[in-house]
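First the structure, in the form of structure tokens, and then the observations on it.
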Amino acid sequence: MAKTIRTSDTRVTKICPAENAVRRVPGKQVAAALGAEAVEGAPIPHGSPIALLAIREEIHRRLRSRGGRPSLDKTLRRQKIPITDEEWAKLQRLAARLGSQRMKVTPGQLASLLLHRSLEQLDESELASAVRTTSTQ
């Protein structure tokens, strides 16, 4: 029958092996041994499920409830932006897909996030250069 050994020492000592049991093999060495070749990845299309999941995660991270309807964090202005009926319908469909039981996403919140992401990608200096080029022609 096994007997429990009790010690009076409360310190826990770390056990360190004298030498590494498993040698690390570099990825390049494994690739060379298997005859692997580097493959360029295809760009992920904007409407892909992964892109939509990233948008959903960002919306859920930025939505804050202050007692009423949840709003996007750090948004202070409410502007009217003209869009077509088709664009609004698409925003409604996407917002319904991106929402969850925990948090409902409105078409306006989705539009705000998409506009924010588009403006982050816009290089103002390139745009100004393009405008100057076309105005001089």
For 118-126, 59-67, 90-98, 103-111, ranked highest to lowest by mean beta-carbon neighbours within 10 Å, the order is 103-111, 90-98, 59-67, 118-126
Under 20 Å Cα to Cα from Lys28, which aspartates and glutamates show up? Leave out anything in the same chain fewer than 8 places away.
-> Glu37, Glu40
According to a simple spin-label model (label point 7 Å from Cα along Cα-to-Cβ), what is the distance in nm between Asp73 and Met103?
-> 0.9 nm
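Bear in mind these aren't lab numbers, they're just calculated from the coordinates by the rules spelled out. It should be emphasised that the depicted structure is a prediction, and the values quoted were computed from it without experimental measurement. Glycine also receives a Cβ, built like all others from the backbone with ideal geometry; neighbour counts cover every protein chain displayed.
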